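The next block holds one structure in the form of structure tokens; read it before the comments.
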Amino acid sequence: MDRLNSQQRHANMAAIHGKDTKPEMVVRRWLWGHGFRYRLNHPRLPGKPEIVMRKYRTCIFVNGCFWHGHNVSLTPNPSPKGEGSKEFDNSECCKIPKTNREFWVAKIRRNQERDLKVQHELAAMGWHSITIWECELKPKVREKTLESLVFTLNKIFLLHFSTQAQSDDLQDHSIRHYEIPEEEPMMAAEDVSTEYGNKAT
């Protein structure tokens with residue numbers, strides 16, 4: 001049973017910000033504290049990824065489980081008129097409110113479709129995409145998630161430069177990766193003093 005009415009639910013959802021969320025800050029501070037450097041919300045890349053790592057040609061998206069429908073599945077839900085339709089099944093970390101449910105299902109579905117489109121566009125430009133989910137940053141599993149992120153970044157780095165070297169040897173320039181023009185610095189210095197005892201410089 002949903003304990004909030006539609007006005008209360010709307011007020012709660014509207015108060016949630018899309019940038020500098022707590023999960024995103026956890027990832028950013030951890031990366032910065034471990035020597036990784038990045039840019040934020042680059043406007044020249046599809047979807048303006050939260051974290052852009054040029055050295056690794058990788059964009060990191062930190063997704064809220066509710067807003068992006070983590071682990072929800074689509075199941076048939078026939079309408080009264082007999083028309084076939086789809087409905088979300090709740091997952092452990094994404095529970096759709098019963099109040100105004102159709103609105104939230106449609107919104108989450110649009111977010112999922114946009115996420116997929118952005119990832120395809122980035123891939124076509126030669127960029128990798130990594131998605132970290134809010135539930136994967138809970139204290140019990142946070143360290144494991146972030147260590148896995150580093151492993152993946154290093155694997156991408158080795159793969160990219162190995163492929164680049166082969167391409168140079170073959171003098172094959174038919175495929176060119178999209179490079180971000182360097183017009184102005186967009187590096188964000190993270191204050192990690194609260195978690196690591198010193199401030200990054």
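Side notes on the structure shown:
- Cα-only radius of gyration and Dmax that characterise segment 102-154, units Å: 14.4, 42
- When the residues Trp32, Trp133 are ordered by accessible surface, computed with a 1.4 Å probe over the protein chains alone, the sequence from largest down reads Trp133, Trp32.
- In this simple spin-label model, placing a label point 7 Å from the Cα along the Cα-to-Cβ direction at both Lys95 and Asn41 gives a separation of 3.1 nm.
- Mean Cβ neighbour count within 10 Å, used as a protection proxy, ranking 41-50, 117-126 highest first: 41-50, 117-126
The values are calculated or read from the model by the stated rules, or taken from the named source; none is laboratory data. Because the structure is a prediction, the values reported are computed rather than measured. Note that each Cβ is placed from the backbone with ideal geometry, even for glycine, and that neighbours are counted across all protein chains shown. Please note that ligands, DNA and RNA were not included when accessible areas were found on the heavy atoms of the full protein model with its side chains. Shrake-Rupley method; radii C 1.70, N 1.55, O 1.52, S 1.80 Å.
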